[in-house]
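The block underneath contains the structure these notes are about, expressed in structure tokens.
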């Protein structure tokens, strides 16, 4: 009886591990797909289907510094969007605080300038 | 000829410092800024269509700011009057204190007093205003009305009497504040001198004590040396006596 129980718990453990790995893989896939789409809109990275269908040489021929493109895309998503929302809220106040607005706007201008001027993205 | 530039500078300073210039120039600058911001917004919105989507990160907050700013000026003509009146009132309130006849220093470390005269509908309000000490920014917010009385348009004598009374009170209140500060400064100076004198006395006492202990040590050393010399002499005398006894 004890052996049967052990075998059952082992199989459940394996199933849970498999399901966990599967869910983790799906999450990673969704994140990569989303980041790639946003990066493609910003003209920084290829889309996920492009990465999936084509090889390294094809991507290198059409995009330059893809890694930095992903870095800039992640910075935009994690830094640029919250900064933009904060600046919108600040400038929408009845009496905007000038120093805070200037700091936020400076950070955003630097990010946008990096996206626009860096040698990254579609050739 | 030599005094011409000085006179020109004085006239220029008077023009720049006038209430009208201080009221309308910032409003005109603000409106020009609004126009520039609106043009910048249009340019920012046009740019992503031809180049970058990331411009949207800047275009959205800029749009919010311009919208907020434009709302402040809508409808333009009546808002212009409202803003100009509000600004003029702030400047008059500041001038009531900064340009009071009894003014000594504008940036004093004590409460400042002045008399503020304002038209309120058909009557006139004459108020004693007070400003707490602080930085240049926020002067208007720190200014408060201490005492106020309203007069009808035909009560000229009563209004003039009250105005004179308030001006005297404002001058007296400031003089009192200055005296209080001077007394506090004197007390602080006296305390500082007392502390310095006490520290000097303590230092002298320490030097004296050190000197005394050094003298005592030196005396003890001399006494010990005398003792040793006496012992040596006694020993020599004893040895000489012993030698003499041996010879005899």
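Some notes on this structure:
- Additional length obtainable on full extension of the chain from residue B:9 to residue B:160, 0.36 nm per residue less Cα span: 50.9 nm
- Within a Gaussian network of chain B (alpha carbon springs, distance under 10 Å), most fluctuating of B:94, B:204, B:112: B:204
- Fluctuation leader among A:48, A:70, A:12 - chain A, Gaussian network, Cα springs under 10 angstrom: A:12
- The calculated Kirkwood hydrodynamic radius for chain B is 27.1 Å, given to one decimal from all distinct C-alpha pairs.
- Annotation for residue A:95 and residue B:192: the two label points, set 7 Å from Cα along the Cα-Cβ direction, are 3.7 nm apart.
- Inter-chain shielding of A:79-89 (mean C-beta neighbours from other protein chains, 10 Å cut-off): 4
- By other beta-carbon atoms within 10 Å, ranking B:83, A:56 with the fewest at the front produces A:56, B:83.
- Relative contact order of chain B, pairs being alpha-carbon contacts under 8 Å that are 6 or more residues apart, as %: 11 percent
- Modelled spin-label separation between residue B:220 and residue A:29, with each label point placed 7 Å from Cα along the Cα-to-Cβ direction: 9.4 nm.
- Fewest-first ranking of A:88, A:45, B:164, A:73, using other Cβ atoms within 10 Å as the exposure measure: B:164, A:88, A:73, A:45
- If you plug the beta carbon distance of residue B:149 and residue B:18 into 1/(1 + (r/R0)^6) with R0 = 22 Å, you get a FRET efficiency near 0.20.
- Full-stretch length increase - residue B:70, residue B:180 - with 0.36 nm per residue and alpha-carbon distance subtracted: 34.7 nm
- With contacts taken as Cα pairs under 8 Å at a separation of at least 6 residues, segment A:2-122 carries a relative contact order of 28 percent.
- Panel values: chain A, Kirkwood radius from alpha carbon pairs, Stokes-Einstein at 4 °C and 1.567 mPa s, translational diffusion coefficient 73 µm²/s.
- Ascending count of other beta-carbon atoms within 10 Å, so fewest first, for B:23, B:8: B:8, B:23
- Inter-chain shielding of B:58-70 (mean C-beta neighbours from other protein chains, 10 Å cut-off): 5
- As a calculated quantity, the FRET efficiency between residue A:103 and residue B:29 at R0 = 22 Å, using C-beta atoms, amounts to about 0.45.
- Label-point separation, residue B:80 to residue B:39 (7 Å along Cα→Cβ), nm: 2.0 nm
- Where a label projected 7 Å from the Cα of residue A:56 along Cα→Cβ would reach, residues of segment A:65-79 with amide N under 20 Å: A:65-71
Since every read-out is calculated from the coordinates, none of them should be taken as a lab result. As the structure is a prediction and not an experimental result, all values here were calculated from the model. Glycine also receives a Cβ, built like all others from the backbone with ideal geometry; neighbour counts cover every protein chain displayed.
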